[in-house]
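Read through the structure below, which is laid out as structure tokens, and then see the notes.
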Amino acid sequence: MKFSYTARNKNGELENGELEIASEHELAEYLRNKGLLLTSAEAVGENEKKHKELKIPFLNRVKTVEKIFFTQNLQVMVKAGLSVSVSLKTLAQQTSNKFFQTVLMDLYQRVDKGNSLADSLALYPKVFPELFVNMVRAGEKSGKLEDVLLQLTVQIRKSHTLIAKVRGAMTYPVIVITAMVGIAIAMIVFVIPKITGMFEEVNATLPLPTRILIALSDFMIANGLWVGIGFVVLIIAFFRLIRTKKGSYIWHGLLLKLPIIAPILRKINLAKFSRTFSSLLKTDIPVVQSFQITASTLGNSHYRRAVENAAERVKKGVQIATILAEYPKLFPPLVVQMVSVGEETGTIDTILDELAIFYEEDVDRTMSNLTTILEPILILLLGAGVGGLAVSIILPIYTLTQNI
């Protein structure tokens, strides 16, 4: 099978290439022997279609919560004096996820044979991202694996909590909006056609809202299938477009301009940037490499590109605060000033930790306030929507009964 891959060399630079090899697992091991760390791989060529059909993503998946428990328990076991290999074997026996169990057993066998934990983790880039591997490698080299695992646990948990809070806050609005759309479609498709015939029999003069509703109902009944197909095609096309590099950049740029969404997205990305960059610096990973790894963890293309550019500028000796100041729409003065103080005092990792806490708490407050404000507004909109549909139906019926 042929794979197209992206790997990072010892200097932190990305290298792309293609290689004919049996599996992604063997590709990762081959590149590791060449001094490269696999960051992403994709099957190409004649076997690509077959490869994708055989893949079952939801089975070959490790949840974030499972990674948190793994990292936390591994840290506790290492702290208690157990060897890494014994700890891995114990954790493999305890996990209920069959795929993760297979991964952990393979890690145990490799570490037991003398391979480093970081090199073994690097063979599974879809389970253990670049951030995870590099922090573990730094911990092994410095003899502070226990401390690094603790930092990783905090890092993953904080990131997971932040995303969970945002998703939780958006659940209620999504449910209400879905209910509104569902009720509207049900009334237009099933209720309106049943009363339209009655209005036609008596040749009644209908109010404008009712005429619009009947016209919309007739259109949906006649063209509903094509409307549905068109909607699905548009959704698929949209998601395919935003998965491209250019499409993603345009879409993320648009999101950063929306009134309510933009401030939340900025805070989320700033929290993730601060937390990740701080964790990497604490494990003595070089600044340039820390920037490169941090960039790969950011969800917004504009932030990702800015941090990637920062990595190149740092190589030339430019101060971090000076670089961040060049992106005022992404990094506010507060961040620039605090980073500048951190650089001058040599406490940039501590400063970034404080920034991460500040923005994480800010996101939490914002989402709580947003939910509190949105709930009554959405209830009013739902009531107004259903009430409007009901009035459009009841008004002509009431008029007819008055004329009898």
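Computed from the coordinates by the stated procedures, all read-outs in this text should not be read as laboratory data. Because the structure is a prediction, the values reported are computed rather than measured. Glycine gets a Cβ as well: all are built from the backbone with ideal geometry, and neighbour counts include every protein chain shown.
A few comments on the model shown:
- In the chain, one over the average inverse separation of all distinct C-alpha pairs is 25.3 Å, which is the Kirkwood hydrodynamic radius.
- Within region 260-404: Cβ-based charge dipole about Cα centre, in debye rounded to nearest 20 (Lys, Arg +1; Asp, Glu -1): 480 debye
- When the Cα positions of I163, V181, I229 are compared along the charge dipole of region 141-280, I163 comes out farthest toward the positive end, with charges on each C-beta of Lys, Arg, Asp and Glu.
- Relative to the longest principal axis of the Cα atoms of the chain, the long axis of helix 208-242 lies at roughly 20 degrees.
- Remark: spin-label model distance F238-E201 equals 4.2 nm, labels positioned 7 Å along the Cα→Cβ axis.
- Simple label model, 7 Å out from Cα along Cβ direction - V154 to F69, nm: 2.4 nm
- Rounded to the nearest 20 debye, dipole of the chain from Cβ charges on Lys, Arg, Asp, Glu: 260 debye
- Between the alpha-carbon centres of region 367-404 and region 156-208 there is a gap of 11 Å.
- Taking the C-alpha atoms only, the angle from helix 348-403 to the longest principal axis of the chain is near 10 degrees.
- A straight Cα-to-Cα reach below 28 Å connects K316 with the lysines K10, K34, K141, K245, K246, K272, K282, K329, residues fewer than 8 places away in its own chain not being considered.
- Length available on full extension from T178 to T322: 0.36 nm per residue minus the Cα-Cα distance, which gives 47.2 nm.
- Computed E for T401/E26 - FRET, C-beta separation, R0 60 angstrom, nearest 0.05: 0.15
- Top of T205, T71, T90 by mean-square fluctuation, Gaussian network on the chain, Cα under 10 Å: T205
- Taking the C-alpha atoms only, the angle from helix 64-79 to the longest principal axis of the chain is near 20 degrees.
- Cβ crowding within 10 Å ranks I320, I397, I293 as I397, I320, I293, fewest other Cβ atoms first.
- Nearest-0.05 FRET efficiency for L255 and I377, computed from C-beta distance (R0 30 Å): 0.90
- Taking the chain as a Gaussian network of alpha-carbon nodes connected by springs under 10 Å, the highest mean-square fluctuation of the residues N223, N134, N203 belongs to N203.
- Residue list for region 299-315, given a label point 7 angstrom along the Cα-to-Cβ vector of E343 and an amide N cut-off under 17 Å: 306-315
- Unit charges at the beta carbon, dipole of the chain: most positive-side option, N11, V288, L352: N11
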